[in-house]
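Encoded as structure tokens, the structure appears first; notes follow it.
The values are calculated or read from the model by the stated rules, or taken from the named source; none is laboratory data. Keep in mind it's a predicted model, so treat the numbers as computed, not measured. Every residue, glycine among them, receives a Cβ derived from its backbone with ideal geometry; neighbour counts consider all protein chains shown. The area values use the complete protein model at the heavy-atom level, side chains included, leaving out ligands, DNA and RNA. Shrake-Rupley method; radii C 1.70, N 1.55, O 1.52, S 1.80 Å.
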Amino acid sequence: MQKVAGKLIFSPTDLKTFQESPFASWMDRYGIEFPEKAPQKDPVDPLLKKLAEKGYRHEDLTEQSFVDEGLSVHSMTRDSTVSDTLLAMQTGYDVIAQAKLEKESFAGFSDFLIRVPGKSDLGDYHYEVWDTKLSKSLKPSYPIQLCCYAEMLNELQGILPEKLTLVLGDGKRAPLLTKEHFAFYKDLKSRFLSFHSEFNPEFEPDPAGSKSWGNWSQYAEKILLEQDHLFQVATITRAQIKKLNAARIHTLTELANTTISHVKGISPEVFQRLVHQAAIQLQSRGNQIPDYRVIHHDNSLRRGLTLLPPHSDGDVFFDIEGYPLVSGGLEYLWGVTYFDDGSRQFRDFWAHDAEQEKQAFIEFIGWVYKRWQNDPTMHIYHYAQHEITTCRKLMGRYGVCEYEVDELLRNEVFIDLYKIVKGAILIGEPRYSIKNVEHLYREKRQTEVGNGGESVVVYDEWRNAYLAGH
């Protein structure tokens with residue numbers, strides 16, 4: 001989204017933003033119309049910056065693949081015009097990279113236009129839109145962007161291309177039929193244009209009404225905090241918020257202090273959990289260490305602390321760090337801490353390519369399986385499902401350790417502490433992530449790398465330096 005000569009110009013990416021977050025779309029518009037009044041955008045995310053760089057690299061490699069196929073490739077510059085694009089199309093290049101396209105209030109640069117047979121205003125050929133994406137699978141926003149480019153391309157060649165193609169992160173080409181996605185695109189575009197035609201700087205959308213907040217997450221969180229919005233209540237869903245609003249409960253404070261015992265559409269047990277969660281968050285405001293309360297369950301129920309097995313001296317605590325910036329992803333670090341003879345130990349398994357990933361997986365499973373064989377009372381503790389999901393994924397990918405992983409899973413050796421924590425305690429925090437739970441027992445992380453996104457960036461920088469030296 002930008003203003004050119006006083007006219008607002010939208011891009012296909014703006015449609016994607018609107019589809020995911022009307023709030024972010026409105027804020028993008030406000031930032032352009034009133035730059036001196038607009039709040040600050042979020043700081044540049046180093047991981048998103050790395051992903052963008054990888055995306056450009058993927059685009060370059062795709063262009064080179066066309067050259068290697070012997071196709072005539074014409075690369076246009078960022079200052080090219082639509083007239084330049086039309087001239088390149090009339091010339092008949094097999095591939096046109098970064099072609100400028102526009103129609104009415106939309107404009108953008110298509111990754112690639114690919115020449116195919118078929119009558120058009122150009123003659124006995126026309127062009128189709130191709131786009132590159134790092135993802136290995138299709139996402140709902142991808143066809144929307146391609147349809148927008150296809151509609152703009154129609155302005156130049158007099159025909160809407162029959163197919164749209166995505167070049168995914170693993171190099172696979174995924175063709176789509178335009179007609180299967182065009183009606184949805186037109187409806188979304190109509191709603192988008194209507195939304196912006198009614199733009200009023202005095203009426204900011206509710207950020208809680210959007211699934212994400214784009215480049216305005218910090219500002220959105222600030223608004224929700226100032227509004228004492230129900231969205232702050234940990235584990236609450238949008239559907240539950242709507243039902244609470246219907247019962248005239250609109251804020252966290254109102255929920256914490258409510259005297260009603262039933263809300264239509266929410267079970268009494270879940271409703272009471274939400275009330276208690278809101279109350280402990282309200283009680284924790286301003287506290288350096290949040291309040292907490294243990295939830296007691298009947299021992300016959302498989303819930304909360306009843307899921308926690310007895311301690312074993314052989315217990316291990318397990319975490320994996322993943323690297324998403326290569327095709328298929330890479331689980332590059334497997335870390336395990338444990339106690340032997342009362343002394344805390346740490347063991348790590350590293351992998352910098354697929355072969356090493358397979359070996360790290362085999363070594364980890366072999367080590368932990370042997371430890372379990374020696375002590376059947378031991379367990380592997382982890383937080384959330386990533387570790388189990390990864391073991392299953394790599395077992396299938398490489399066809400190794402099937403028996404051992406199946407034995408560990410069937411015998412419930414893996415223990416998900418996230419599931420236990422959510423059922424065992426109420427914490428005066430807006431989330432139950434490990435970062436939030438840590439506020440109970442540690443003041444602040446003292447490490448230079450504070451989260452998974454930062455670890456990816458640091459590891460990527462190390463990889464680049466390591467590979468450059470080899």
Condition broken by V437, with the remaining ones in (1) β-branched (V, I, T); (2) crowded, with 17+ Cβ neighbours inside 10 Å; (3) in contact (Cβ under 8 Å) with a residue 24 or more places away in the chain satisfied: (3)
Matching residues in region 147-180 - criterion: being over 23 Å from the mean Cα position of the chain (by Cα), surrounded by 13 or more Cβ atoms within 10 Å (Cβ to Cβ) and in a loop (DSSP other than H, G, I, E, B): I159, L160, P161, E162
So A234, is it outside any loop (DSSP other than H, G, I, E, B), under 30 Å from V44 (Cβ atoms) and touching a residue at least 12 places away in the same chain (Cβ under 8 Å): no
Complete set of residues in region 93-106 that are surrounded by fewer than 18 Cβ atoms within 10 Å (Cβ to Cβ) and in contact (Cβ under 8 Å) with a residue 40 or more places away in the chain: E102, K103, S105
The lone exception for R78 - which of (1) surrounded by 15 or more Cβ atoms within 10 Å (Cβ to Cβ); (2) modelled with pLDDT under 95 it fails: (1)
When residues of region 27-74 are limited to those that are open to solvent by 40 Å² or more (accessible area, probe 1.4 Å) and among the polar types (S, T, N, Q), the one nearest to L168 (Cα to Cα): Q64
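Listed here are the residues, each with its yes/no results for (1) over 30 Å from L168 (Cβ atoms); (2) modelled with pLDDT of 95 or more; (3) of a type in the set (G, A, S).
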position: P324; (1), (2), (3): no, no, no
position: K358; (1), (2), (3): no, yes, no
position: F364; (1), (2), (3): no, yes, no
position: R371; (1), (2), (3): yes, yes, no
Residue ID - most open to solvent (accessible area, probe 1.4 Å), chosen from residues in region 303-323 that are closer than 15 Å to I415 by Cα and acidic (D, E): D319
Among residues of region 1-54, those that are modelled with pLDDT of 90 or more and assigned to a helix (DSSP H, G or I), counted: 21
First in region 330-348 and at negative phi and of a type outside the set (F, W, Y), second anywhere and outside any strand (DSSP E or B) and at pLDDT 90 or above, Cβ under 6 Å, 6 or more apart: L330/E357; E331/E357; E331/T390
Filter result for P207 (under 31 Å from the mean Cα position of the chain (by Cα) and over 21 Å from I425 (Cβ atoms)): yes
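Every residue, every condition in (1) within 19 Å of Y149 (Cα to Cα); (2) among the acidic types (D, E), yes or no:
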| residue | (1), (2) |
| --- | --- |
| E33 | no, yes |
| T85 | yes, no |
| M89 | yes, no |
| E102 | yes, yes |
| F106 | yes, no |
Selected residue (only one of P35, P117 is in contact with an Asp or Glu (Cβ under 8 Å, 6 or more places away or on another chain), free of Cβ contacts under 8 Å to residues at least 12 places away in the same chain and over 27 Å from F184 (Cβ atoms)): P117
Total residues in region 93-143, condition modelled with pLDDT under 95, out of contact with any helix residue (DSSP H, G or I) (no Cβ under 8 Å at 6 or more places or on another chain) and hydrophobic (A, V, I, L, M, F, W, C): 1
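Yes/no matrix, rows are residues, columns are (1) surrounded by fewer than 17 Cβ atoms within 10 Å (Cβ to Cβ); (2) without any contact (Cβ under 8 Å) to a residue 60 or more places away in the chain; (3) within 33 Å of the chain's Cα centre (by Cα):
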{"site": "N257", "(1), (2), (3)": "yes, yes, no"}
{"site": "I260", "(1), (2), (3)": "yes, yes, no"}
{"site": "V263", "(1), (2), (3)": "no, yes, yes"}
{"site": "V275", "(1), (2), (3)": "no, yes, yes"}
{"site": "A279", "(1), (2), (3)": "no, yes, yes"}
{"site": "P290", "(1), (2), (3)": "no, no, yes"}
{"site": "R293", "(1), (2), (3)": "yes, no, yes"}
{"site": "L301", "(1), (2), (3)": "yes, yes, no"}
Close pairs (6 angstrom Cβ cut-off, 6 or more residues apart or separate chains): more than 17 Å from I9 (Cα to Cα) and in contact (Cβ under 8 Å) with a residue 40 or more places away in the chain in region 181-209, open to solvent by 80 Å² or more (accessible area, probe 1.4 Å) and of a type in the set (A, V, I, L, M, F, W, C) anywhere: none
Residue in region 201-223 that is least open to solvent (accessible area, probe 1.4 Å), counting only those that are within 13 Å of S25 (Cα to Cα) and not in a helix (DSSP H, G or I): S210
Filter result for Q90 (surrounded by 13 or more Cβ atoms within 10 Å (Cβ to Cβ), out of contact with any helix residue (DSSP H, G or I) (no Cβ under 7 Å at 6 or more places or on another chain), free of Cβ contacts under 8 Å to residues at least 60 places away in the same chain and under 16 Å from K133 (Cα atoms)): no
